[in-house]
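I am attaching a structure below and will ask some questions about it afterwards.
Just so it is clear, none of the values below were taken in a lab; they were calculated from the coordinates. No experiment lies behind these values; they were computed from the predicted model shown. With ideal geometry, Cβ positions are generated from the backbone for all residues, glycine too; neighbour counts draw on all protein chains shown.
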Amino acid sequence: MSSPNAMSSPNAMSSPNAPSRAVLVEIYRRMALIKANDERFRAVIKAGKIIAPYYSPRGQEVIPAAVSVCLTDEDYICTIYRGIHDMLAKGVPMKLLWAEIAGKATGTCKGKGGPMHVTHPESGVMVTTGVVGSSMPIANGLALAAQIRGEKRVAVAYFGDGASNIGAFHESLNMAAVWKLPVVFVCQNNLYGEHTRYEVTTSARHIADRAAGYQMPGVRVDGNDPRAMYGAAKEAIDRARAGEGPTLIEAMTFRFHGHVFGDMDGYMGKGEKEAAMARDPVPAWRQWLIQQGLASEGELASLEAAINQELDAAVDFALTSAAPDLGELRRDIFAHEVSA
Ligand SMILES: Cc1ncc(C[n+]2csc(CCOP(=O)(O)OP(=O)(O)O)c2C)c(N)n1
Ligand SMILES: [Mg+2]
């Protein structure tokens, strides 16, 4: 693990953890899925076909794509309102996800969770939360349960840069370090918390530096570089699975579409967004795979066509499914159903 101050750029191709060609292409498939899903979702909201708050993760595709290829179906993730990329990368079926966001009975939570509260335990997505910082203590709880049961499961907590200033972040890192929990804290540092640059609100120069206060490895990594991100994630996940305890990863990235759908971005530096978009990680990774001879244009194009087909089916499914019936209002609230 690199020192907290250094931007880690492990050469994943030549390290013992080097990903295979199949893994590198799979990272691309997950990135392309997130990008296509985002573009379709914004179009559907704009057309007024689905009414939902939307926190676009566009620009942050690499992080969950590279993390999730290191996880099994039994591993857990806890994510946030800006977490549709984390959910798709972990394998929530697109149809069920769209139906949930549209508030339909066919969704992952029968339409009762909505976009801010998607859960899908079958794929390991255990919580989506709108409470900044709360993905971390929940991931600790899941990791503790796995540790007590002697299961080899790992829990990943995704959160933003702003969340690293919340008490729950510090409490969670402390507890995870003391109990050597199999948890990986993945901070997606997109440089902004709502409308404020993170430097304005964050005392540490680098969020990864905060790991030192809890005696755990802290690694700052280029979260838009799939090989660097994969290297950091693999090392942290292997470490957690081996019972060696938690890691804090600060993955540097940028969000392309402001805080929430409709945000006018007036608070951003001039040209900042345009510069980030010019370095869009999705086409860049596509081009790299082709240039390196690891994938052909035809292979990637057919993978993208399959994603678009799946998206067509998911949108249709969400729009044509029924809303939950009134009887659902009192169901799934208590462990034992109560009668009216
Ligand atoms: C406990 C709590 N405080 C404040 C808010 C309001 N709020 C919603 S999003 C947000 C910014 C969080 O920024 P960051 O953690 O960087 O995540 P990002 O949105 O950039 O992914 C804030 C302050 C909240 N939802 N919960
Ligand atoms: Mg942020």
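Can you work out ³J(HN,Hα) from phi for every residue in the range 58-64, in order, using Karplus 6.51 cos²θ - 1.76 cosθ + 1.60 and θ = phi - 60°, giving whole Hz and x for Gly and Pro?
4, x, 10, 4, 4, 4, x
Please report the spacing between the Cα centers of the range 201-241 and the range 266-326 in Å, no decimals.
Taking the Cα centre of the range 266-326 as reference, the centre of the range 201-241 is 26 Å away.
If I build a Gaussian network model for the chain, linking alpha-carbon pairs within less than 10 angstrom, which residue out of A163, A139, A66 has the largest mean-square fluctuation?
Result: A163 has the largest fluctuation of those listed.
For the range 119-136, take each phi angle, set θ = phi - 60°, evaluate the Karplus expression 6.51 cos²θ - 1.76 cosθ + 1.60, and give the result in whole Hz per residue in order, putting x for glycine and proline.
Running phi through 6.51 cos²θ - 1.76 cosθ + 1.60 with θ = phi - 60° gives 10, 7, x, 4, 9, x, 8, 8, 6, 10, 10, x, 8, 4, x, 7, 5, 6 Hz.
Now for a different question. What does the charge count near N174 come to, summing +1 for each Lys or Arg and -1 for each Asp or Glu among other residues with Cβ under 13 Å from its Cβ?
Residues close to N174 contribute a combined charge of +1.
Something else: Can you list residues from other chains, or at least 5 along the same chain, whose modelled amide H is less than 5 Å from the amide H of V125?
Correct list: I77, H120.
Once the Cα atoms of the range 198-340 are picked out, what are the Rg and Dmax in Å?
Answer for the range 198-340, Rg first and Dmax second: 22.1, 64 Å.
Name the most mobile residue of H117, H259, H195, meaning the one with the largest mean-square fluctuation, in a Gaussian network model of the chain with Cα contacts below 10 Å.
Residue with maximal mean-square fluctuation among H117, H259, H195: H195.
Classify the range 29-127 as rounded, prolate or oblate, taking a ≥ b ≥ c as the square roots of the eigenvalues of its Cα gyration tensor: rounded when a/c is under 1.5, otherwise prolate if a/b is larger than b/c and oblate if not.
On the way: a/c = 2.02, a/b = 1.22, b/c = 1.65.
Oblate, because a/c is 1.5 or more while a/b does not exceed b/c.
Would you list the P(r) distribution for the chain, with all Cα-Cα distances sorted into 20 Å bins from 0 and each bin expressed as a whole %?
Spelled out per bin, shortest first, that is 32, 60, 9, 0.
Using Cα springs under 10 Å in a Gaussian network model of the chain, which residue among N189, N174, N37 shows the largest mean-square fluctuation?
Residue with maximal mean-square fluctuation among N189, N174, N37: N174.
Also, I was wondering about something else. Name the residues whose placed amide hydrogens come within less than 5 Å of the amide hydrogen of H117, ignoring near sequence neighbours (fewer than 5 apart) on the same chain.
none
Now for a separate question. Work out the length of the dipole vector of the chain about its Cα centre, built from +1 on the beta-carbon of each Lys and Arg and -1 on the beta-carbon of each Asp and Glu, and round it to the nearest 20 debye.
Here the size comes out at about 180 debye.
Pull up all non-local amide H partners of G193: gap of 5 or more, or a different chain, and H-to-H distance under 5 Å with H placed in the peptide plane.
For G193, whose amide H was placed from the backbone, the distant partners under 5 Å are Y198.
Continuing with this model, one more query. Give, as a single signed number, the net charge of other residues whose beta carbon lies under 15 Å from the beta carbon of R279, with Lys and Arg counted +1 and Asp and Glu -1.
Charge balance near R279 sits at -1.
Same structure again: In whole Hz and in residue order, list the ³J(HN,Hα) couplings for the range 222-227 that follow from phi through the Karplus curve 6.51 cos²θ - 1.76 cosθ + 1.60, θ = phi - 60°; x for Gly and Pro.
So the Karplus estimates, Gly and Pro as x, are 6, x, 9, 10, x, 6 Hz.
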